[in-house]
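K.L.:
One structure, pasted below without further comment.
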Amino acid sequence: MTRVDKQDQRTHTTHICCIGAGYVGGPTSAVISAKCSEITVTVVDKDAERIAAWNSDNLPVYEPGLDSLVKKQRTKNLLFSTDIKSAVDRAQMIILAVNTPSIAADTTLGSESPRGLQTDLRAVKQCAQMIAEVSLESKIVVGKSTVPCGTSRMVQEILDKNARGGVEFTVLSNPEFLSEGSAIQDLLFPDRVIIGGSAQDANSQWAQSELKWIYQHWVPEHKILTMDRWSSELAKLSSNAMLAQRVSSINSISAICEIVGADITQVAAGCGADSRVGSMFLRASLGFGGSCFHKDIASLVWLCQSLGLPEIAEYWRQVLAINGLQTKRFVSRILDTFASSPKGICGKRVACLGFSYKEGTGDTRNTPAADVCRELIRYGAHLSIFDPKVSEHHILEKLDTGADSVQICEDPYSAISESDAVIVLTAWAEFREIDWKR
Ligand code: NAI
């Protein structure tokens, strides 16, 4: 009997193990468990503190709707554990949602190497090795982490090389497109789900149909796209690159507006009203931050360079360069405002509203707010910072500075009182409600 025959006789997946209890692994697993009551989802992580937080009243990730969903599902079919090996062994399907940062990423925006940055795949490789060593039965391994093209094949090779006798693995690419701040809505109502496999391989086709069956519990079939693994991996990188490109495009136009006196909001409305352009991601800002856009474009630049496409690499590198420039221009404008005072901004107090990289999340990875704050501190400013979701500990750790130059405030009003200037660094809705007369 061939393996395909054996698999055809199998019942559907009843146990999923998600490795990586972060911004992707936690919310994704919570939604799968809610939509597939017959499946037990165990989320595992090597970070015991993070797992303890997922099992507590204070979840480690803030997302609208996540708290109640996790607390409800925890009493049913959603588990958080540090016992990685047992969970892997028990599962028929393993989701890889570990972090894949840039190697030696320089977070000083705009200053990355012209060659781009490679992606650090150590966590992915370690997981593949461990899965092969632990597994006593065949499994589907789903790559959800954002990875360079060819990673699924590499994972397949590691698994094949280290598998125990009689155990087979089928690796699928299933990139995640959720956006922090709206993760639960994005997971519940995705624009599309991509499942990358191999059309020539019957095992892969079966695995694709099994993952598709899971998504079909709540996603309409026409939104589930199957393709080869390379295309799936490249679709994810390209999608993020194009979104980031829109941010850099509108920010580049904002530089023109500031000189000629045009209103960037109106320019954006004028562009976005064209249905061919669309209005999303056309809000001028400090630039994009977060864990994804920067590293995914850097990875795309790296890919272009390695494929001998330097002009294409340069094209995408400019998206990063404009992003770094936007932060620098913002700081210059603040410094210019104080140019007439004898010591410039030195010794002045600046109220900073917001610190997370965007509204709706407490995530501070690559937040442009930190770049702005660090620059202002370097020029001798004192900062009063308020963010509704980022803790004092996180802000001070990120700025790597003592309490002398930075004061963390409980609300926007205490940050603003006694300040010489107010800057808005994150577009939290509550900042639009501030009573400026008060
Ligand atoms: P994260 O850093 O919040 O979580 C990753 C988790 O994996 C960490 O808790 C870490 O301890 C754990 N981990 C790493 N190596 C491990 C190992 N060997 N064994 C067990 N646990 C291990 O990362 P996040 O934001 O959830 O991202 C995960 C992946 O998803 C990345 O590839 C990212 O690019 C991608 N992604 C992230 C999105 C986001 O908005 N954060 C959106 C779409 C994709």
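The values are calculated or read from the model by the stated rules, or taken from the named source; none is laboratory data. Remember, it's a predicted structure, so these values are computed and weren't measured experimentally. In this analysis, Cβ positions are derived from the backbone assuming ideal geometry, glycine residues included, and neighbour counts consider all displayed protein chains. All accessible areas refer to the heavy atoms of the entire protein, side chains included, with ligands and DNA or RNA removed. Shrake-Rupley method; radii C 1.70, N 1.55, O 1.52, S 1.80 Å.
K.L.:
Given Lys46/Lys72; Lys71/Lys144; Lys72/Lys236; Lys328/Lys358; Lys295/Lys358; Lys295/Lys389, which pairs have Cα atoms separated by over 27 Å?
P.N.:
As for pairs spanning more than 27 Å Cα to Cα, those are Lys72/Lys236.
K.L.:
Now a separate question. Expressed as a whole percentage, what fraction of the accessible surface of segment 261-310 belongs to carbon and sulfur atoms when a 1.4 Å probe is rolled over the protein heavy atoms?
P.N.:
Here carbon and sulfur together make up 63 percent of the probe-accessible area.
K.L.:
Please give the per residue accessible area of segment 285-438, computed with a probe of 1.4 Å over protein heavy atoms only, in Å².
P.N.:
I get 48 Å² per residue for this part.
K.L.:
If you don't mind, another one. Using a Gaussian network model on the chain with a 10 Å cutoff between Cα atoms, which of Ser86, Ser68, Ser275 fluctuates the most?
P.N.:
Result: Ser275 has the largest fluctuation of those listed.
K.L.:
Gaussian network model of the chain, Cα springs within a sub-10 Å range: biggest mean-square fluctuation belongs to which of Gln205, Gln126, Gln407?
P.N.:
Sorting by GNM fluctuation, first place goes to Gln126.
K.L.:
If you take the beta carbon distance between Arg333 and Cys271 as r and set R0 to 22 Å, what does 1/(1 + (r/R0)^6) give as a FRET efficiency, to the nearest 0.05?
P.N.:
Computed FRET efficiency for Arg333 and Cys271 comes out at 0.40.
K.L.:
Using Cα-Cα distances under 8 Å and only pairs 6 or more residues apart, what relative contact order does the chain have, in percent?
P.N.:
13 percent
K.L.:
Once you keep just the Cα pairs under 8 angstrom separated by 6 or more residues, what percentage relative contact order results for segment 231-285?
P.N.:
The normalised contact order for segment 231-285 reaches 37 percent.
K.L.:
With unit charges on the beta carbon (Lys/Arg positive, Asp/Glu negative), name the residue among Ser135, Val424, Leu121 whose Cα is farthest towards the positive pole of the charge dipole of the chain.
P.N.:
Ser135
K.L.:
Using the Cα centre of the chain as origin and beta-carbon charges of +1 (Lys, Arg) and -1 (Asp, Glu), tell me which of Ser332, Thr146, Ala244 is placed farthest towards the positive end of the dipole.
P.N.:
Thr146
K.L.:
Add +1 for every Lys or Arg and -1 for every Asp or Glu among the other residues with Cβ under 11 Å from the Cβ of Leu376, and state the total.
P.N.:
With Lys, Arg at +1 and Asp, Glu at -1, the neighbours total +2.
K.L.:
Suppose we keep just the DSSP beta bridges with both residues in the chain; what percent of those would be antiparallel, to 5?
P.N.:
Looking only at bridges with both residues in the chain, the antiparallel portion is about 5 percent.
K.L.:
Given charges of +1 on the Cβ of Lys and Arg and -1 on the Cβ of Asp and Glu, with all other atoms neutral, how large is the dipole of segment 390-438 about its Cα centre, in debye to the nearest 20?
P.N.:
That gives a dipole near 220 debye.
K.L.:
Which one of Lys76, Lys212, Lys236 has the biggest mean-square fluctuation once the chain is modelled by GNM with Cα springs under 10 Å?
P.N.:
Looking only at Lys76, Lys212, Lys236, the biggest GNM fluctuation is shown by Lys76.
K.L.:
Which of the three applies to the chain, rounded, prolate or oblate, going by the alpha-carbon gyration tensor with a ≥ b ≥ c and a/c under 1.5 meaning rounded?
P.N.:
Since a/c reaches 1.5 and a/b is larger than b/c, the shape of the chain is classed as prolate.
K.L.:
Can you tell me, using C-alpha contacts under 8 Å and at least 6 residues apart, the relative contact order of segment 345-406 as a whole percent?
P.N.:
Rounded, it is 40 percent for segment 345-406.
K.L.:
To the nearest 20 Debye, how big is the dipole of segment 348-438 about its Cα centre, given +1 on the beta carbon of each Lys and Arg and -1 on that of each Asp and Glu?
P.N.:
Approximately 240 debye in magnitude.
K.L.:
Once R0 is set to 22 Å, what does the formula 1/(1 + (r/R0)^6) return for the Cβ-Cβ distance between Thr82 and Leu136, expressed as a FRET efficiency to the nearest 0.05?
P.N.:
0.60
K.L.:
Go through segment 88-103 residue by residue and turn each phi into a ³J(HN,Hα) via Karplus (6.51, -1.76, 1.60, θ = phi - 60°); whole Hz please, and just put x for glycine and proline.
P.N.:
5, 4, 6, 7, 8, 10, 10, 9, 9, 10, 7, 6, 9, x, 6, 6
K.L.:
A further question on this structure: In whole Hz and in residue order, list the ³J(HN,Hα) couplings for segment 272-279 that follow from phi through the Karplus curve 6.51 cos²θ - 1.76 cosθ + 1.60, θ = phi - 60°; x for Gly and Pro.
P.N.:
Per residue, the Karplus-derived 3J(HN,Hα) values read x, 5, 6, 4, 6, 8, x, 9 Hz.
K.L.:
Amide H neighbours of Val193 under 5 Å, at least 5 residues apart or on other chains, H built in the peptide plane: list them.
P.N.:
For Val193, the qualifying residues are Ile224, Leu225.
K.L.:
Next up: Measure nothing but the geometry: give the 0 to 90° angle between the long axis through the Cα atoms of 202-215 and the longest principal axis through the Cα atoms of the chain, rounded to 10°.
P.N.:
Roughly 50 degrees between the two axes.
K.L.:
What residues have an amide H closer than 5 Å to that of Val422, excluding those fewer than 5 places away on the same chain, when H is modeled at 1.01 Å from N in the peptide plane?
P.N.:
Ala351
K.L.:
As I understand it, the value is the acute angle between the Cα axis of helix 310-337 and the longest principal axis of the Cα atoms of the chain; what does it come to in degrees, rounded to 10?
P.N.:
Long axis of 310-337 versus the principal axis of the chain: about 40 degrees.
K.L.:
Give the long-range amide H neighbours of Ile385: residues separated by 5 or more places, or on another chain, with amide H under 5 Å away, using H modelled in the peptide plane at 1.01 Å from N.
P.N.:
Sorted by chain and number, the residues that satisfy this are Cys352, Gln407, Ile408, Cys409.
K.L.:
Would you work out the charge dipole size for the chain about its Cα centre, treating the Cβ of every Lys and Arg as +1 and the Cβ of every Asp and Glu as -1, and quote it to the nearest 20 debye?
P.N.:
Approximately 400 debye in magnitude.
K.L.:
Using only Cα atoms, find the angle between the long axis of helix 122-134 and the longest principal axis of the chain, and express it within 0 to 90 degrees, rounded to the nearest 10.
P.N.:
Value to nearest ten degrees: 20.
K.L.:
In deg cm²/dmol, rounded to 500, what helix-only [θ] at 222 nm does the chain give when every DSSP H run of at least 4 residues adds -39500 (n - 2.57) and the total is split over its residues?
P.N.:
For the chain, the value works out to -13500 deg cm²/dmol.
K.L.:
Please name which of Ile194, Asn99, Val61 has its Cα lying farthest along the dipole of the chain towards the positive end, using unit charges on Cβ (Lys, Arg +1; Asp, Glu -1) and the Cα centre as origin.
P.N.:
Ile194
K.L.:
Next up: Given a Förster distance of 22 Å, report the FRET efficiency between Glu168 and Lys46 from their Cβ-Cβ distance, rounded to the nearest 0.05.
P.N.:
0.25
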